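What follows is a single structure, written as C-alpha coordinates, with notes after it.
The values are calculated or read from the model by the stated rules, or taken from the named source; none is laboratory data. Model, not experiment: these values are computed from the prediction. Quick reminder, even Gly has a Cβ in these numbers, built from the backbone with ideal geometry, and neighbours come from all protein chains shown.
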(Lines give C-alpha, C1' and ligand atoms only; values in the text may rest on other atoms or scores of the structure.)
Protein backbone atom coordinates (compact mmCIF):
# COMPACT_ATOMS: atom_id res chain seq x y z
CA UNK A 1 0.00 0.00 0.00
CA UNK A 2 1.45 3.35 -0.99
CA UNK A 3 1.33 6.50 1.08
CA UNK A 4 -1.07 8.00 -1.48
CA UNK A 5 -3.76 5.45 -0.73
CA UNK A 6 -5.96 5.97 2.30
CA UNK A 7 -5.99 3.66 5.28
CA UNK A 8 -8.91 1.40 6.06
CA UNK A 9 -9.42 2.10 9.76
CA UNK A 10 -11.76 -0.15 11.75
CA UNK A 11 -12.89 0.94 15.20
CA UNK A 12 -14.83 -1.43 17.43
CA UNK A 13 -15.87 -1.07 21.03
CA UNK A 14 -18.42 -2.46 23.45
CA UNK A 15 -21.51 -0.57 24.57
CA UNK A 16 -20.42 2.26 26.85
CA UNK A 17 -17.03 2.70 25.19
CA UNK A 18 -18.01 6.12 23.87
CA UNK A 19 -17.73 5.52 20.13
CA UNK A 20 -20.52 8.02 19.51
CA UNK A 21 -18.52 10.71 21.31
CA UNK A 22 -14.97 9.90 20.22
CA UNK A 23 -15.40 9.11 16.52
CA UNK A 24 -17.06 12.42 15.57
CA UNK A 25 -13.98 14.12 17.03
CA UNK A 26 -11.76 11.94 14.82
CA UNK A 27 -13.86 12.84 11.78
CA UNK A 28 -13.69 16.54 12.63
CA UNK A 29 -9.90 16.43 12.33
CA UNK A 30 -10.24 15.92 8.58
CA UNK A 31 -8.75 13.35 6.24
CA UNK A 32 -11.41 10.75 7.03
CA UNK A 33 -14.62 9.57 5.42
CA UNK A 34 -17.19 7.59 7.37
CA UNK A 35 -18.48 4.51 5.61
CA UNK A 36 -22.25 4.39 5.08
CA UNK A 37 -23.35 0.82 5.74
CA UNK A 38 -26.02 -1.08 3.87
CA UNK A 39 -28.90 -2.78 5.65
CA UNK A 40 -32.10 -4.67 4.96
CA UNK A 41 -33.96 -3.12 7.88
CA UNK A 42 -36.56 -0.46 7.16
CA UNK A 43 -35.64 3.21 7.58
CA UNK A 44 -36.63 4.77 10.89
CA UNK A 45 -38.35 8.16 11.08
CA UNK A 46 -35.89 10.89 10.12
CA UNK A 47 -33.39 8.55 8.44
CA UNK A 48 -32.38 9.09 4.82
CA UNK A 49 -31.12 6.62 2.23
CA UNK A 50 -27.43 7.11 1.54
CA UNK A 51 -26.99 9.16 4.71
CA UNK A 52 -27.78 6.87 7.62
CA UNK A 53 -27.70 3.63 5.60
CA UNK A 54 -28.07 2.31 2.09
CA UNK A 55 -31.45 0.59 2.43
CA UNK A 56 -31.66 -2.59 0.36
CA UNK A 57 -34.14 -5.40 -0.03
CA UNK A 58 -33.04 -8.77 1.28
CA UNK A 59 -32.81 -10.06 -2.28
CA UNK A 60 -30.62 -7.13 -3.35
CA UNK A 61 -28.33 -7.53 -0.34
CA UNK A 62 -27.92 -11.27 -0.93
CA UNK A 63 -27.20 -10.59 -4.60
CA UNK A 64 -24.38 -8.26 -3.55
CA UNK A 65 -23.00 -10.92 -1.23
CA UNK A 66 -23.07 -13.49 -4.03
CA UNK A 67 -21.30 -11.06 -6.37
CA UNK A 68 -18.58 -10.34 -3.79
CA UNK A 69 -19.65 -6.71 -3.56
CA UNK A 70 -19.70 -6.52 0.26
CA UNK A 71 -16.50 -5.72 2.11
CA UNK A 72 -17.98 -7.32 5.22
CA UNK A 73 -21.45 -8.17 6.45
CA UNK A 74 -23.30 -9.72 9.35
CA UNK A 75 -26.85 -10.37 10.50
CA UNK A 76 -28.46 -8.79 13.54
CA UNK A 77 -32.08 -9.23 14.67
CA UNK A 78 -32.95 -10.83 11.36
CA UNK A 79 -31.51 -8.08 9.15
CA UNK A 80 -28.31 -7.85 7.13
CA UNK A 81 -25.79 -5.11 7.81
CA UNK A 82 -22.63 -4.61 5.78
CA UNK A 83 -20.13 -2.33 4.04
CA UNK A 84 -20.36 -1.90 0.23
CA UNK A 85 -16.96 -2.76 -1.25
CA UNK A 86 -16.94 -0.45 -4.28
CA UNK A 87 -17.79 2.61 -2.21
CA UNK A 88 -15.07 1.77 0.31
CA UNK A 89 -12.39 1.22 -2.33
CA UNK A 90 -13.35 4.43 -4.15
CA UNK A 91 -12.76 6.43 -0.96
CA UNK A 92 -9.39 4.77 -0.30
CA UNK A 93 -8.26 5.45 -3.86
CA UNK A 94 -8.63 9.21 -3.25
CA UNK A 95 -6.06 9.04 -0.44
CA UNK A 96 -8.70 9.68 2.21
CA UNK A 97 -8.82 7.37 5.21
CA UNK A 98 -12.00 5.30 5.52
CA UNK A 99 -13.41 4.85 9.01
CA UNK A 100 -15.56 1.81 9.75
CA UNK A 101 -17.39 1.45 13.04
CA UNK A 102 -18.27 -2.23 13.11
CA UNK A 103 -18.50 -5.20 15.48
CA UNK A 104 -15.71 -7.67 16.16
CA UNK A 105 -17.04 -10.25 13.70
CA UNK A 106 -17.07 -7.74 10.87
CA UNK A 107 -13.62 -6.46 11.88
CA UNK A 108 -12.18 -9.96 11.67
CA UNK A 109 -13.68 -10.40 8.20
CA UNK A 110 -12.21 -7.09 7.06
CA UNK A 111 -8.76 -8.08 8.30
CA UNK A 112 -8.93 -11.35 6.36
CA UNK A 113 -9.89 -9.59 3.14
CA UNK A 114 -7.63 -6.55 3.71
CA UNK A 115 -4.56 -7.48 5.79
CA UNK A 116 -3.42 -3.83 5.60
CA UNK A 117 -6.54 -2.69 7.47
CA UNK A 118 -5.86 -0.99 10.79
CA UNK A 119 -7.94 -2.40 13.65
CA UNK A 120 -8.45 -0.30 16.79
CA UNK A 121 -10.52 -1.28 19.82
CA UNK A 122 -11.95 1.55 21.89
CA UNK A 123 -12.47 0.59 25.53
CA UNK A 124 -13.71 2.13 28.75
CA UNK A 125 -10.96 2.02 31.40
CA UNK A 126 -12.55 -1.04 33.04
CA UNK A 127 -15.56 -3.36 32.98
CA UNK A 128 -16.84 -1.68 36.16
CA UNK A 129 -16.76 1.73 34.48
CA UNK A 130 -18.56 0.34 31.45
CA UNK A 131 -21.33 -1.06 33.66
CA UNK A 132 -21.63 2.27 35.47
CA UNK A 133 -21.95 4.12 32.16
CA UNK A 134 -24.67 1.80 30.92
CA UNK A 135 -26.62 2.05 34.16
CA UNK A 136 -26.11 5.81 34.23
CA UNK A 137 -28.02 6.19 30.98
CA UNK A 138 -31.21 5.15 32.72
CA UNK A 139 -32.80 4.19 29.42
CA UNK A 140 -32.63 0.40 29.43
CA UNK A 141 -34.08 -2.44 31.46
CA UNK A 142 -31.95 -4.60 33.76
CA UNK A 143 -32.33 -7.47 31.31
CA UNK A 144 -31.06 -5.32 28.44
CA UNK A 145 -28.11 -4.06 30.49
CA UNK A 146 -27.10 -7.60 31.40
CA UNK A 147 -27.33 -8.64 27.75
CA UNK A 148 -25.14 -5.71 26.70
CA UNK A 149 -22.58 -6.53 29.38
CA UNK A 150 -22.47 -10.18 28.30
CA UNK A 151 -21.95 -9.09 24.71
CA UNK A 152 -19.26 -6.64 25.82
CA UNK A 153 -17.38 -9.40 27.61
CA UNK A 154 -17.36 -11.43 24.40
CA UNK A 155 -16.22 -8.44 22.34
CA UNK A 156 -13.38 -7.43 24.67
CA UNK A 157 -12.09 -10.99 24.70
CA UNK A 158 -11.38 -10.49 20.97
CA UNK A 159 -9.03 -7.56 21.71
CA UNK A 160 -5.86 -9.58 20.89
CA UNK A 161 -7.03 -9.65 17.27
CA UNK A 162 -6.74 -5.85 17.09
CA UNK A 163 -3.64 -3.81 16.28
CA UNK A 164 -4.18 -1.16 18.97
CA UNK A 165 -6.17 -0.53 22.14
CA UNK A 166 -7.35 3.00 22.91
CA UNK A 167 -8.89 3.81 26.30
CA UNK A 168 -11.68 6.34 26.60
CA UNK A 169 -11.34 7.46 30.20
CA UNK A 170 -14.03 9.57 31.83
CA UNK A 171 -13.80 13.16 30.66
CA UNK A 172 -10.97 12.36 28.22
CA UNK A 173 -12.76 11.77 24.93
CA UNK A 174 -10.51 14.36 23.26
CA UNK A 175 -7.45 12.39 24.31
CA UNK A 176 -8.94 9.14 23.00
CA UNK A 177 -9.62 10.81 19.65
CA UNK A 178 -6.08 12.18 19.54
CA UNK A 179 -4.70 8.71 20.31
CA UNK A 180 -6.57 7.32 17.31
CA UNK A 181 -5.31 10.16 15.11
CA UNK A 182 -1.74 9.60 16.32
CA UNK A 183 -1.98 5.89 15.50
CA UNK A 184 -3.21 6.65 11.98
CA UNK A 185 -0.48 9.24 11.40
CA UNK A 186 2.20 6.80 12.54
CA UNK A 187 0.78 3.97 10.43
CA UNK A 188 0.88 6.09 7.29
CA UNK A 189 4.59 6.68 7.91
CA UNK A 190 5.51 3.00 8.25
CA UNK A 191 8.14 1.82 5.78
CA UNK A 192 5.90 -0.89 4.33
CA UNK A 193 3.34 1.76 3.47
CA UNK A 194 5.97 3.87 1.68
CA UNK A 195 7.66 1.35 -0.65
CA UNK A 196 8.78 4.06 -3.09
CA UNK A 197 10.40 6.32 -0.49
CA UNK A 198 14.03 5.69 -1.53
CA UNK A 199 13.29 5.86 -5.25
CA UNK A 200 11.35 9.09 -4.85
CA UNK A 201 14.03 10.60 -2.64
CA UNK A 202 16.68 10.28 -5.34
CA UNK A 203 14.38 11.11 -8.24
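Within segment 33-83, the set of residues being touching a helix residue (DSSP H, G or I) at 6+ places or on another chain (Cβ under 9 Å) and closer than 18 Å to residue 11 by Cβ comprises 33, 34, 35, 36, 71, 72, 73, 74, 81, 82, 83.
Here residue 177 fulfils each of the conditions (1) within 15 Å of the chain's Cα centre (by Cα); (2) more than 20 Å from residue 104 (Cβ to Cβ); (3) not in a helix (DSSP H, G or I) apart from (3). Flag: residue 60 matches the condition of being over 20 Å from the mean Cα position of the chain (by Cα) and either without any contact (Cβ under 8 Å) to a residue 60 or more places away in the chain or under 30 Å from residue 193 (Cα atoms) (or both).
Considering only residues of segment 11-25 that are under 13 Å from the mean Cα position of the chain (by Cα) and farther than 19 Å from residue 153 by Cα, which is surrounded by the most Cβ atoms within 10 Å (Cβ to Cβ)? Once the filter is applied, the top-ranked residue is 22. With respect to the conditions (1) modelled with pLDDT under 95; (2) surrounded by fewer than 17 Cβ atoms within 10 Å (Cβ to Cβ); (3) touching a helix residue (DSSP H, G or I) at 6+ places or on another chain (Cβ under 9 Å); (4) closer than 28 Å to residue 180 by Cα, residue 28 lacks only one, and its number is (1).
Yes/no per residue for (1) in contact (Cβ under 8 Å) with a residue 24 or more places away in the chain; (2) under 18 Å from the mean Cα position of the chain (by Cα); (3) farther than 28 Å from residue 25 by Cβ; (4) surrounded by fewer than 18 Cβ atoms within 10 Å (Cβ to Cβ):
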{"site": "47", "(1), (2), (3), (4)": "no, no, no, yes"}
{"site": "51", "(1), (2), (3), (4)": "no, yes, no, yes"}
{"site": "68", "(1), (2), (3), (4)": "no, no, yes, yes"}
{"site": "71", "(1), (2), (3), (4)": "yes, yes, no, no"}
{"site": "74", "(1), (2), (3), (4)": "yes, yes, no, yes"}
{"site": "79", "(1), (2), (3), (4)": "yes, no, yes, yes"}
{"site": "82", "(1), (2), (3), (4)": "yes, yes, no, no"}
{"site": "89", "(1), (2), (3), (4)": "no, yes, no, yes"}
{"site": "94", "(1), (2), (3), (4)": "yes, no, no, yes"}
